[in-house]
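Trainee: Handing you this structure, nothing more for now.
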Amino acid sequence: MARAAPTTAFGQAVIGPPGSGKTTYCLGMSEFLRALGRRVAVVNLDPANEGLPYECAVDVGELVGLGDVMDALRLGPNGGLLYCMEYLEANLDWLRAKLDPLRGHYFLFDCPGQVELCTHHGALRSIFSQMAQWDLRLTAVHLVDSHYCTDPAKFISVLCTSLATMLHVELPHVNLLSKMDLIEHYGKLAFNLDYYTEVLDLSYLLDHLASDPFFCHYRQLNEKLVQLIEDYSLVSFIPLNIQDKESIQRVLQAVDKANGYCFGAQEQRSLEAMMSAAMGTDFHFSSTLGIQEKYLAPSDQSVEQEAMQL
């Protein structure tokens with residue numbers, strides 16, 4: 001009997017720096033997807049991830065453990081993690097054998113938080129590329145802490161990292177500002193939230209940095225970095241509070257549009273929803289304004305006072 005052709009599978013590759021909320025995102029998104037009626041399989045690709053809060057369908061720790069690698073090869077945590085990813089890349093038949101029985105599920109891949117894996121090391125990109133050959137359509141969901149918006153220098157660094165990740169990973173990409181409920185715990189935003197989510201004219205950030213005694217010496221460097229980001233014009237962000245269902249829904253709509261899930265036959269969809277995704281008629285300004293009113297404290301200063309500060 002001829003073997004049935006494998007069905008197309010969809011999923012998310014959840015990436016981002018350590019502590020940005022990847023594992024918490026996988027937990028919250030998996031619960032949300034199950035509430036929508038999707039069959040979800042969460043795959044842990046981080047050998048350093050212990051005490052997982054979600055039900056794990058596949059765990060890379062069964063293949064290789066970070067502690068064992070560090071002990072056997074006398075590597076530190078960073079070198080050990082790179083070795084683990086290279087080992088997984090060399091043993092992708094193990095991963096495919098684990099994923100094949102889960103066809104028909106929506107996948108969430110909880111990836112390691114080491115930045116090098118997403119900016120210039122080739123192992124993780126090679127793994128994603130091989131998954132594409134297995135007819136697994138992934139969207140890279142890149143999380144960064146939202147409180148970086150309160151520091152112009154850190155925000156420019158986040159933009160550079162996000163751009164490098166988008167170019168290196170080579171997947172449909174959605175950038176998220178995570179932990180929106182904590183955005184002003186480390187300071188106030190210099191501009192409205194949409195300035196950061198849409199990555200508007202970054203020259204205003206340079207003016208803020210010029211007033212800093214340290215960064216004023218590096219104005220030309222900062223100008224070149226900003227010019228590079230604006231020349232590519234690829235980076236934008238969606239704000240996320242994983243405890244807010246409306247916030248998760250906005251993210252899921254962007255992800256489903258990016259990997260093509262919204263055009264498939266897995267769920268009942270209306271023509272209006274499909275056309276909205278195809279034409280890009282989802283306006284984010286009103287939703288961003290609502291998020292700003294929800295999580296950001298109103299300024300006590302008048303418009304004239306803020307203009308004088310600028």
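The values are calculated or read from the model by the stated rules, or taken from the named source; none is laboratory data. Just so it is clear, the structure is predicted and the values come from calculations on it, not from any experiment. Neighbour counts run over all protein chains shown; Cβ positions are idealised from the backbone, glycine included. For the accessible areas, the whole protein counts, side chains as well, though only heavy atoms, and no ligand, DNA or RNA atoms are used. Shrake-Rupley method; radii C 1.70, N 1.55, O 1.52, S 1.80 Å.
Trainee: For region 164-179, give me each residue that is open to solvent by less than 10 Å² (accessible area, probe 1.4 Å), touching a Leu at 6+ places or on another chain (Cβ under 6 Å) and not hydroxyl-bearing (Ser, Thr, Tyr).
Mentor: Leu176
Trainee: Please give the number of the condition Ser211 fails out of (1) over 27 Å from the mean Cα position of the chain (by Cα); (2) surrounded by 10 or more Cβ atoms within 10 Å (Cβ to Cβ); (3) modelled with pLDDT of 85 or more.
Mentor: (3)
Trainee: Another question, if that's okay. Tell me which of these Gln130 doesn't satisfy, since it passes every other one: (1) open to solvent by less than 10 Å² (accessible area, probe 1.4 Å); (2) more than 20 Å from Glu230 (Cα to Cα); (3) at pLDDT 95 or above.
Mentor: All conditions pass for Gln130, except number (1).
Trainee: Looking at Thr8 and the list (1) at pLDDT below 95; (2) surrounded by 17 or more Cβ atoms within 10 Å (Cβ to Cβ); (3) among the polar types (S, T, N, Q), which single condition is not satisfied?
Mentor: With (1) at pLDDT below 95; (2) surrounded by 17 or more Cβ atoms within 10 Å (Cβ to Cβ); (3) among the polar types (S, T, N, Q) applied to Thr8, the lone miss is (2).
Trainee: While we're here: Residues that are within 19 Å of the chain's Cα centre (by Cα) and either open to solvent by 20 Å² or more (accessible area, probe 1.4 Å) or of a type in the set (Val, Ile, Thr) (or both): does region 92-100 have at least one?
Mentor: Residues of region 92-100 that are within 19 Å of the chain's Cα centre (by Cα), as a first pass: none.
No, because not a single residue in region 92-100 is within 19 Å of the chain's Cα centre (by Cα) and either open to solvent by 20 Å² or more (accessible area, probe 1.4 Å) or of a type in the set (Val, Ile, Thr) (or both).
Trainee: Among the helices (runs of 4 or more DSSP H) confined wholly to region 1-118, which include 1 or more residues that are among the polar types (S, T, N, Q) and under 17 Å from Leu143 (Cβ atoms)?
Mentor: Values: elements: 22-36, 66-73, 77-90, 92-99.
The helices (runs of 4 or more DSSP H) meeting that bar are 22-36.
Trainee: Consider Val141 carefully, then state whether it is surrounded by fewer than 21 Cβ atoms within 10 Å (Cβ to Cβ), of a type in the set (A, V, I, L, M) and within 18 Å of the chain's Cα centre (by Cα). I'd like the intermediate steps shown before the answer.
Mentor: On the way: surrounded by fewer than 21 Cβ atoms within 10 Å (Cβ to Cβ): no; of a type in the set (A, V, I, L, M): yes; within 18 Å of the chain's Cα centre (by Cα): yes.
Criteria not met by Val141.
Trainee: Please find, within region 187-205, the residue that is nearest to Ser236 (Cα to Cα) out of those that are open to solvent by 30 Å² or more (accessible area, probe 1.4 Å) and assigned to a helix (DSSP H, G or I).
Mentor: Taking region 187-205 and keeping what is open to solvent by 30 Å² or more (accessible area, probe 1.4 Å), we get 188, 190-192, 194, 198, 200-201, 203-204.
Of the ones still in play, those that are also assigned to a helix (DSSP H, G or I) are 194, 203-204.
Values: Asp194: 10, Ser203: 16, Tyr204: 17 Å.
Among residues in region 187-205 that are open to solvent by 30 Å² or more (accessible area, probe 1.4 Å) and assigned to a helix (DSSP H, G or I), the one nearest to Ser236 (Cα to Cα) is Asp194.
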